Amino acid sequence: MAANGARGEVVAVLAGAERRLCLTLGALAEIETGLGLEGLFGLAERMRSLSARDLMTVLAALLRGGGERVLADGLDRAGVDPREAAEAVARAFAAAAG
């Protein structure tokens, strides 16, 4: 699976499967809503101390931004390792920053 770097996509291995993540505008709005934020200003601070539930919310939004159909609770059932999830999220945000 190849990532479209121009779009800011990354490919990460989660629970043994390659998955595409992308920080789209829709994913960003979904993250704001899922984390109960009123705007982007609080996002950076919140990302420094995500709970496991928050991490699943962010990861699911980034996967949907990459074109996958996934629910946060489905990621839990898939056995995604927390370190894999955190690394994938960090890579997706870094790719979006360009």
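The values are calculated or read from the model by the stated rules, or taken from the named source; none is laboratory data. Please read these numbers as outputs of a predicted model, since none were measured by experiment. Heads up, the Cβs are rebuilt from the backbone with ideal geometry, glycines too, and the neighbour counts pull from every protein chain shown. Side chains are part of the model used for accessible areas, which takes the heavy atoms of the whole protein and leaves out ligands, DNA and RNA. Shrake-Rupley method; radii C 1.70, N 1.55, O 1.52, S 1.80 Å.
Structural remarks
- Distance between modelled label sites at THR33 and GLU68, nm, 7 Å Cα→Cβ extension: 2.0
- For the chain, modelled as a GNM whose springs connect Cα atoms under 10 angstrom apart, the maximal fluctuation among ALA60, ALA78, ALA12 occurs at ALA78.
- Shape of the range 4-60, Cα gyration tensor, a/c cut at 1.5: oblate
- Volume of the Cα convex hull of the range 43-98, divided per residue and given in Å³: 75
- Dipole moment magnitude, nearest 20 debye, the range 1-95 about Cα centre, only Lys, Arg, Asp, Glu C-beta charged: 160
- At full extension, PHE41 and ARG7 could sit 9.9 nm farther apart than now, given 0.36 nm per residue minus the alpha carbon distance.
- Surface exposure of the chain, expressed per residue as accessible area with a 1.4 Å probe, stands at 58 Å².
- Label-point gap, in nm, between SER51 and ARG91 - each point 7 angstrom along Cα→Cβ: 2.8
- When the Gaussian network model of the chain links Cα atoms closer than 10 Å, the mean-square fluctuations of GLU84, GLU38, GLU18 top out at GLU38.
- Debye log10 I(q)/I(0) at q = 0.17 Å⁻¹ for the chain, Cα point scatterers: -0.67
- Within the accessible area of the chain (1.4 Å probe), percent carbon and sulfur: 54
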